[in-house]
2 protein chains.
Amino acid sequence: MKTIIVGFGFIGRDLVRVINEKRDIITKYDRNFKLVGVSNSKGYIYNEEGLDLEKLLKIKNLSEYGKNYKDNGSSLELIQKSNADLMVEATPTRIQDGEPGLSYIKKALNIGIHVVTSNKGPLVVAFQELSALAKKNNCEFLFEATVAGAVPIFSLVRECLQGDKVKRISGILNGTTNYILSKMYFEETSFELALKEAQERKISEKDPSYDVDGIDAACKLVILANALMDRNAKFEDVERLGIRGITQNAVSLAKKSKFAIKLVGTIDKKLEVAPKLVPINHPLCVHGTLNAVHVETDLANEITIIGYGAGKETVSAVFNDVLTVLKKAKTTA
Amino acid sequence: MKTIIVGFGFIGRDLVRVINEKRDIITKYDRNFKLVGVSNSKGYIYNEEGLDLEKLLKIKNLSEYGKNYKDNGSSLELIQKSNADLMVEATPTRIQDGEPGLSYIKKALNIGIHVVTSNKGPLVVAFQELSALAKKNNCEFLFEATVAGAVPIFSLVRECLQGDKVKRISGILNGTTNYILSKMYFEETSFELALKEAQERKISEKDPSYDVDGIDAACKLVILANALMDRNAKFEDVERLGIRGITQNAVSLAKKSKFAIKLVGTIDKKLEVAPKLVPINHPLCVHGTLNAVHVETDLANEITIIGYGAGKETVSAVFNDVLTVLKKAKTTA
């Protein structure tokens, strides 16, 4: 399977490292797996014989790769000319219009390329359209890394709970706010101080609104609702309240009654992101940068899955999606 | 796919109910799915055209089914004559020799019948032998319900974390002891009183040794080690200490320091079941009859999955295994 990676930031680079380290596992699913192209916003490298992964891991800019580099070559051009079987799309998220990832994913699916993405933007903007496009063109379209990082919530429901009907989902879906609220809970700091530390530790963006106003969590909730509960949800459908109004006093008061205040996303009759009192003994009550998703179904009743919602662990979700594509291609070959 | 159920207790009956209710999902994977036989220790019913599920759900003893009932007909005979494609084995667990399930599973795999089991016994006694037999005869051999009830730990690792290497597993694998320890933790009761209540509520067996001495948890640990970490573990390899020595005083002391005492199974260099201090904020620290499995891997780092370890939820694991067999048969057909 000829593969390209579009977007060569943290996740793209991590994926190349894992592909290089885990050759043996990849070969079990596909003897002919080759990474043939990598692009970012400045250009791309392409070699139909396969790229040199060791070399790729050493360079800082794609231009340093040498003769296979095309300066100003666009990702769309790479998608078109590579005739790849699989594209991993890992460009930065823009939730306003899903671009540039949305165009890349559409292009790939339209010409029959399987897609794995870690990018929330395109899914928030156009989940139904992309799913339909994938189905029409017999393409796999996987996006495990978009919600709760390394937590394999989509494959869990798709592959392990296929016979269960999901009735309700609640989740702690944003690691930054959970870090802040955990700090307020354990160390009794103010919201402002906890936020400042999150920013200093680069857990939060400089503009914290995306995290603390619940925008990121709301995006993830939209994707969960569409993918796991067959909703046709849009970002605007989410009732959203962030954690700026949460005082140290409120956190301490809750703690005395054995509750923690958490930013919880809920998919029930409505979609809601809001601070909630979570009993400290409830499985959903995880701390630090952990994420948790609590799924209520008709048969298993309640399943909770917990893991790291961002950072270096996220490559697990992307790599496992890649293997799933290889595995499905193999069994249907 | 022609299916038989061997063992018609709580789980077997629950499975028939779910098969009856979820026809639509089954049909998506296999239009020709039919339940053709059901057996217990007294006899079996068999109809190659398919059994009447509504009728089956109404009767108490198989003999009431009527003309398709064979009194004293053995399960082995049913397996042989039914020419089934899939057997669900749900006979009672005997961990000493794995019988009678072990013979049924061997018989089925030997003649090319896929097997789904909820029975720990055969797996504890003969994991490697049965796995090899299944592989040799191109049979699926799934056993999700044997460990942690409804928690889909095997399919999680097999289907969602296929690219991760499992380095360590720890788990709360026995609901009865967790119920007892939770009662001691929250209500400050003695071990004896908590055990008595567990027995009255039929959570524990009359002879509590299987639960409180860690035998059940050790069996599950052996299956986890063999299935998820490629070990060749036997029951005797597990260092085992139960919870009879845990006093209310010890539980209270731990609680003051924000720990709960839990019966934890660990697969690391060695296999061990023993009471451990678990920090109350750790994802593994679940209460009541919940089970939790904490998996440490090279990529995702830490994933914890939590759900009900026994009772009516277990049918989720069995039914999802059945669907997995149908799905795999479909894609390779």
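Each reported figure results from applying straightforward, stated rules to the coordinates on display, with no laboratory input. The structure presented is a predicted model; accordingly, all values stated were derived computationally and were not measured. Backbone-built Cβ (ideal geometry, glycine too); neighbour counts: all protein chains shown.
Here are the numbers for the structure shown:
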{"quantity": "For the range B:40-111 versus the range A:5-57, the gap between their alpha-carbon centres in whole angstrom", "calculated": "51 Å"}
{"quantity": "Pseudo-label separations to other copies for B:K42 - Cα-to-Cβ vector, 7 Å, nm", "calculated": "7.8"}
{"quantity": "Shortest-first distances to equivalent copies, position B:K206, nm, label 7 Å out along Cβ", "calculated": "7.3"}
{"quantity": "Trypsin sites (Lys or Arg not before Pro) restricted to the range A:238-320 and DSSP loop, no more than 15 other C-beta within 10 Å", "calculated": "A:R244, A:K258, A:K269, A:K270"}
{"quantity": "Assigned charges on the beta-carbon of Lys, Arg, Asp, Glu; the range B:1-79 dipole about Cα centre (debye)", "calculated": "140 debye"}
{"quantity": "A:S190/A:S257 FRET efficiency (R0 22 Å; Cβ-Cβ; nearest 0.05)", "calculated": "0.60"}
{"quantity": "Percentage relative contact order, the range B:160-308, counting C-alpha pairs under 8 Å, at least six apart", "calculated": "35 percent"}
{"quantity": "Gyration tensor verdict on the protein assembly as shown (Cα atoms; rounded if a/c is under 1.5, prolate if a/b is larger than b/c, oblate otherwise)", "calculated": "oblate"}
{"quantity": "Estimated vicinal HN-Hα couplings, Hz - the range B:265-271 in sequence order (Karplus 6.51, -1.76, 1.60; Gly, Pro = x)", "calculated": "x, 10, 10, 9, 4, 10, 9"}
{"quantity": "Gap separating the Cα centres of the range B:259-333 and the range A:246-296, nearest whole Å", "calculated": "23 Å"}
{"quantity": "Reach of A:K136 by Cα under 18 Å, taken over aspartates and glutamates that are not fewer than 8 positions away in the same chain", "calculated": "A:D85, A:D230"}
{"quantity": "Cα-based reach from A:K196 at 26 Å (exclusive), listing lysines while leaving out same-chain residues under 8 positions away", "calculated": "A:K120, A:K183, A:K206, A:K220, A:K255, A:K256, A:K262, A:K276, A:K312"}
{"quantity": "For the range A:160-308, Kirkwood radius (reciprocal of mean inverse C-alpha pair distance, Å)", "calculated": "15.5 Å"}
{"quantity": "Amide H within-cut-off set for B:E89, under 5 Å, with H built and near neighbours excluded", "calculated": "B:V6, B:V116, B:T117, B:S118"}
{"quantity": "Cα-centre dipole for the range B:10-167 with unit charges at Cβ (Lys and Arg positive, Asp and Glu negative), debye to 20", "calculated": "80 debye"}
{"quantity": "Debye log10 I(q)/I(0) for the range B:109-225, one point scatterer per Cα, at q = 0.10, 0.16, 0.18, 0.19 Å⁻¹", "calculated": "-0.40, -0.85, -0.98, -1.05"}
{"quantity": "Among A:L193, A:L277, A:G9 the positive-end extreme of the charge dipole of the protein assembly as shown (Cβ point charges)", "calculated": "A:G9"}
{"quantity": "Cα gyration tensor of the range A:72-154 - equivalent ellipsoid semi-axes, whole Å, descending", "calculated": "19, 15, 12"}
{"quantity": "Extension gain, A:S41 back to A:N232 (0.36 nm per residue minus Cα-Cα distance, nm)", "calculated": "65.6 nm"}
{"quantity": "Residue-by-residue Karplus 3J(HN,Hα) for the range A:123-139, coefficients 6.51, -1.76, 1.60, Hz, glycine and proline x", "calculated": "6, 5, 7, 8, 4, 4, 4, 5, 4, 5, 4, 4, 4, 4, 9, 6, 10"}
{"quantity": "Using alpha carbons only: equivalent-ellipsoid semi-axes of chain A, gyration tensor based, whole Å", "calculated": "36, 22, 17"}
{"quantity": "Only Lys, Arg (+1) and Asp, Glu (-1) charged, at Cβ; the range B:160-308 dipole about Cα centre in debye", "calculated": "260 debye"}
{"quantity": "Crossing angle, helix A:315-332 versus chain A [Cα axis fit, 0-90 degrees, rounded to tens]", "calculated": "50 degrees"}
{"quantity": "Residues whose placed amide H lies under 5 Å from that of B:G214, excluding near-sequence neighbours", "calculated": "B:I243"}
{"quantity": "Percent RCO, i.e. relative contact order, over chain A, from Cα pairs under 8 Å lying at least 6 residues apart", "calculated": "18 percent"}
{"quantity": "Using a 7 Å Cα-to-Cβ projection, A:E192 label spacings across copies, nm, ascending", "calculated": "5.9"}
{"quantity": "J(HN,Hα) series, the range A:230-238, from Karplus relation 6.51 cos²θ - 1.76 cosθ + 1.60, nearest Hz, glycine and proline x", "calculated": "6, 7, 10, 8, 10, 3, 5, 6, 7"}
{"quantity": "Farthest toward positive dipole pole in the protein assembly as shown [+1 Lys/Arg, -1 Asp/Glu at C-beta], among A:F319, B:N174, A:N32", "calculated": "A:N32"}
{"quantity": "Anchor B:K67: lysines whose Cα lies under 21 Å away (excluding residues fewer than 8 positions away in-chain)", "calculated": "B:K2, B:K34, B:K42, B:K55, B:K58, B:K81"}
